[in-house]
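The values are calculated or read from the model by the stated rules, or taken from the named source; none is laboratory data. Quick caveat, the model's predicted, so the values are computed rather than measured. Backbone-built Cβ (ideal geometry, glycine too); neighbour counts: all protein chains shown. Heads up: the accessible areas ignore ligands, DNA and RNA and are worked out on the full protein's heavy atoms, side chains in. Shrake-Rupley method; radii C 1.70, N 1.55, O 1.52, S 1.80 Å.
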Amino acid sequence: MSTTRAVPRPRRTAIKASWLFDGTGSALLPDPVVVIADGIIESVAATGVAPDDADLVDLAGATLLPGLIDPHVHLVFDASSTPVDNLAGRTDEEVVEAARLAARTALLGGITTVRDLGDRDYLTVSLRNDPELPTMLVAGPPVTTLTGHCHFLGGGVADTPAAVRTAVLEHAERGVDVIKIMSSGGTLTPGTFQELAQFTPEVLRAAVDEAHRCGLAITAHAHGTQAIRDCLAAGVDGMEHVTFWSAQGVDEPGSLADLIVRQGVVVGATVGVLPVPGSAPPPVIAQRMPKLVANMRLLRSAGARLVAGSDAGISPMKPPDALRHAFPQMREVGMDAAEAMRTVTSVAAEALGLGGSKGRVRAGMDADLLAVNGDPLADLEAIHRIEAVFSRGIRVR
């Protein structure tokens, strides 16, 4: 006769706080108790009473909310004044270690999920399963022209449909989670210009077709108006920056705003600036800022799907946890505090294809949680007063 030995049920953890923002609402809920088992939220109750058979974490006075989600980071850049030069001077091993440190810093800052939209030679792929780091989606080196924006990351290809299809397929075979393509120039790459498109519309369409054939979403770095127009014609899933940049200033979105809304394209608004003494945006950006903000307000009012991507890593004002500093800018484009908080939690999760597991505090979701001291809906500074971070149910130390 055989016997079956009962497997002991693992201990559960009950997190008790004073308030809860669940990622979807517009107000805080009092006296939450969130029970976690095996890295998943088992239950959420507004009772203030923890189960007797659970290990209690009492965060009295704190507000519990979903871990923040940053859809646009660059872990291989070191948030210095010379990130490109510093990256060029590092070995692959040093790059991986620096990326690990950046990811860990983001996690300590309450950012439990990041999407890396540009590494060097696929080096961040190896970090995705590290339990001490945030959940990571990675794009590998951005697909760009041979001398185009960020070509030094290893993704440069000829401006032909065949070449770009081959590049997208290689990315898919290397196991990336999303395709990033540079449809315009950018400030980090001398010789490229934000107002100029890099790929022809035909090539962009080939990239989109190949990405979708491989089952991958594709998002485009798109500053200039022509690049934005070409990306929309190609059918991209997302666009980063979307500044309508021109050589003289900033263009009006015009009919492109309605097209962005109709096609459901995710717009990655570039927000999150750490105040650094002695640092300021370059004059070319500062003088355009009022119009950039006005255009993003227009897109939001039109109903565009906005997410908040920090572009972390590209300057001292963009540290790995720059997303925590995005709320003042999000308010400038017309969001109230609750909408801004939803944007960096549940809205971001949906945009990244993670809506079934991230961005909400409810039963069945991953136990990615942030606890802050105070009311983040009434006091923007509360987001910086971190009491605890939980990643996949484990408290980050």
* Asked: From L59, L107, which residue is within 24 Å of H325 (Cβ to Cβ), assigned to a strand (DSSP E or B) and open to solvent by less than 70 Å² (accessible area, probe 1.4 Å)?
  -> L59
* **All positions within region 381-393 that are of a type outside the set (S, T, Y), in contact (Cβ under 8 Å) with a residue 12 or more places away in the chain and either out of contact with any Lys or Arg (no Cβ under 8 Å at 6 or more places or on another chain) or part of a strand (DSSP E or B) (or both)** => A382, R385, I386, E387, A388, V389, F390, R392, G393
* Pairs only if they're at least six apart or on different chains, beta carbon under 8 angstrom, first in region 19-35 and among the hydroxyl-bearing types (S, T, Y), second open to solvent by less than 20 Å² (accessible area, probe 1.4 Å); list them, first residue then second. => T24/S346; S26/A338
* Could we say that A304 is within 12 Å of the chain's Cα centre (by Cα), touching a residue at least 24 places away in the same chain (Cβ under 8 Å), open to solvent by less than 20 Å² (accessible area, probe 1.4 Å) and over 23 Å from A378 (Cα atoms) here? -> no
* To do: Return yes when A371 is over 24 Å from L216 (Cβ atoms), in contact with an Asp or Glu (Cβ under 6 Å, 6 or more places away or on another chain) and not in a loop (DSSP other than H, G, I, E, B) and no when it is not.
  => yes
* Structure fact -> Scanning region 187-233 for residues that are surrounded by 22 or more Cβ atoms within 10 Å (Cβ to Cβ), small (G, A, S) and farther than 14 Å from T144 by Cα, the one farthest from the chain's Cα centre (by Cα) turns out to be G224
* Within region 357-369, is there a residue that is closer than 20 Å to V265 by Cα and either touching a strand residue (DSSP E or B) at 6+ places or on another chain (Cβ under 7 Å) or without any contact (Cβ under 8 Å) to a residue 12 or more places away in the chain (or both)? -> yes
* Structure fact -> Scanning region 349-366 residue by residue, those assigned to a loop (DSSP other than H, G, I, E, B) and under 20 Å from D321 (Cβ atoms) turn out to be L352, L354, K358, G359
* **Residue list for region 170-186, restricted to those being more than 21 Å from P83 (Cβ to Cβ), open to solvent by less than 50 Å² (accessible area, probe 1.4 Å) and in a loop (DSSP other than H, G, I, E, B)** => G175, V176, S183
* To do: Within region 146-169, identify whether any single residue is among the aromatic types (F, W, Y) and either assigned to a loop (DSSP other than H, G, I, E, B) or more than 23 Å from the chain's Cα centre (by Cα) (or both), and answer yes or no.
  => no
* To do: Would you be able to say whether some residue in region 279-297 is among the basic types (K, R) and open to solvent by less than 20 Å² (accessible area, probe 1.4 Å)?
  => yes
* Run G48 past the list (1) out of contact with any helix residue (DSSP H, G or I) (no Cβ under 9 Å at 6 or more places or on another chain); (2) open to solvent by less than 40 Å² (accessible area, probe 1.4 Å); (3) at pLDDT 95 or above and report the number of the one that doesn't hold. => (3)
* Structure fact -> Inside region 15-43, the number of residues satisfying the requirement of being open to solvent by 70 Å² or more (accessible area, probe 1.4 Å), outside any strand (DSSP E or B) and within 15 Å of V372 (Cα to Cα) is 1
